[in-house]
Amino acid sequence: MSVNKQSKAMFDLNRQMKFHLEITDKCNAACPMCGRTQQSNRCLPDMSKVKNIDLDLETIKRNFTPELCANILEIDLCGGLGDPLAARDCFSICEYFVDQGVKLILSTNAGLRSVDWWRSLGELFARDNSVVEFHIDGLADTNHLYRVNTRFTKIMANAAAYLETGSVGEWHFIPFQHNQHQINAALELSREMGFANFKVIDTIRFGKENAFGYQMPDGTLRSLKPADPQFIGAQAESADSSGVEEVITASDVIPGISCKSENENRPYIVATGAVSACCWVEGSEDERQMYLLAGQDHDDHNINDRLLSDILTEEPYVSMFAKAWASQSNPVCIRKCGHMRRSRRRVL
Ligand SMILES: C[S@@+](CC[C@H](N)C(=O)[O-])C[C@H]1O[C@@H](n2cnc3c(N)ncnc32)[C@H](O)[C@@H]1O
Ligand code: SF4
Ligand code: SF4
């Protein structure tokens, strides 16, 4: 367990690595429960968080050198505030990584870009078995109720163009009360279209509440309601907890912490270029404390200004996090990697 490895740095560039990369914080959609969205204000973006910023190809190439890429197993193009397809250099960044032999897992609402663009992405991803996760929460009459501002017909045309190339696509579906009855129809459609997998994500963003109110862009007031568990679990074959969520359960027992990021050797980088330990800690009080104790300025840990390979071998990644795990002083780390309060994805 991590608490016994205090002398070892959190990230090891000589070992096989993974990365979680947010290449932009821009998005075409306005999902009410997303961190970028003001749910009570017509689902407009929260400009106190969103900077409308991209990582560009040059910055990626400078930091992800061929030498580093040779050690990278896979990169998740996902993030917390944006959709990778909204990044200006999305295709050329993907092309660069595939050329380097790095497998990509790209998460998107799939509402952006032309069918020709999607066909090209499919041809590119076929080269190294890279994967697109299509996050589609319903069918023609429901998907836009969560994936606000997207158009289902466009998403389907994009997905079809991608899948026709033979590349791997997964359909990820978040059930709510308004779309739970469509899980089976969406599963069938995904099989007809050639999706490799259909996964159901149990959202726990309701916390202890039974409803989540929001205002559509036209001013209409709506409310999301949790799905009935019987719809979600009915056909589950397996589950994992690789998502970014939190299950609210009460426990007074203080657990040991096994850091997912350290175990997977998987740092997180956001669209501003800031380096972080993981998407849970990014921007949190835990992270501020770690930098404070390390005497480091987080602003100096930015891949626009410094090299990633240097940043990852400096504090707080050398010993600060390990010390915090040992002394149980990081609440986010305790919740996520102690109590394992994370969402589950089930494969149907
Ligand atoms: C912020 S998004 C970034 C990637 C991309 N824009 C997308 O939506 O796939 C990161 C992840 O959050 C997921 N997500 C959005 N709303 C969610 C919710 N209510 N519960 C669980 N996951 C959610 C998305 O499906 C995606 O997997
Ligand atoms: S598509 Fe992704 S980034 Fe965009 S609003 Fe929805 S969850 Fe957030
Ligand atoms: S929450 Fe803390 S312990 Fe868990 S992956 Fe992030 S840094 Fe590691």
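So here's what we get for this one:
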| quantity | calculated |
| --- | --- |
| Among (1) assigned to a strand (DSSP E or B); (2) crowded, with 19+ Cβ neighbours inside 10 Å - the single one Phe195 does not satisfy | (1) |
| Residue satisfying all of: in segment 261-277; more than 16 Å from ligand 2 (Cβ to nearest atom) and either among the polar types (S, T, N, Q) or closer than 15 Å to Ala324 by Cα (or both); surrounded by the fewest Cβ atoms within 10 Å (Cβ to Cβ) among these | Asn263 |
| Within segment 117-150, tally of residues that are away from ligand 1 (no atom under 13 Å from the Cβ), within 23 Å of Ala227 (Cα to Cα) and in contact (Cβ under 8 Å) with a residue 40 or more places away in the chain | 2 |
| Checklist (1) under 15 Å from Ser190 (Cα atoms); (2) within 16 Å of ligand 1 (Cβ to nearest atom) applied to Thr153, failing item | (2) |
| Any chance Cys31 is out of contact with any Lys or Arg (no Cβ under 8 Å at 6 or more places or on another chain) and either more than 30 Å from Arg147 (Cβ to Cβ) or at pLDDT 95 or above (or both) | no |
| Filter result (within 11 Å of ligand 3 (Cβ to nearest atom) and over 19 Å from Asn63 (Cα atoms)) within segment 305-327 | Pro316, Met320, Phe321, Ala322, Ala324, Trp325 |
| Flag if Ala140 is surrounded by fewer than 23 Cβ atoms within 10 Å (Cβ to Cβ) and either modelled with pLDDT under 95 or in a helix (DSSP H, G or I) (or both) | no |
| Members of segment 177-192 found to be outside any helix (DSSP H, G or I) and crowded, with 21+ Cβ neighbours inside 10 Å, listed by number | Asn179 |
| Any chance Thr24 is under 24 Å from Gly283 (Cβ atoms), among the hydroxyl-bearing types (Ser, Thr, Tyr), buried (at least 17 other Cβ atoms within 10 Å of the Cβ) and in contact with a Gly (Cβ under 8 Å, 6 or more places away or on another chain) | yes |
| Residue in segment 95-105 that is assigned to a loop (DSSP other than H, G, I, E, B) and either within 13 Å of ligand 1 (Cβ to nearest atom) or buried (at least 22 other Cβ atoms within 10 Å of the Cβ) (or both) present | yes |
| Residues satisfying the stated conditions in segment 113-137, i.e. hydroxyl-bearing (Ser, Thr, Tyr) and surrounded by 15 or more Cβ atoms within 10 Å (Cβ to Cβ) | Ser120, Ser130 |
| Check on Asp76, assigned to a loop (DSSP other than H, G, I, E, B) and within 16 Å of ligand 3 (Cβ to nearest atom) | no |
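The values are calculated or read from the model by the stated rules, or taken from the named source; none is laboratory data. Since the model is a prediction, treat every value here as computed from it, not as a measurement. Cβ coordinates were reconstructed from backbone atoms using ideal geometry, including for glycine residues, and neighbour counts include every protein chain displayed.
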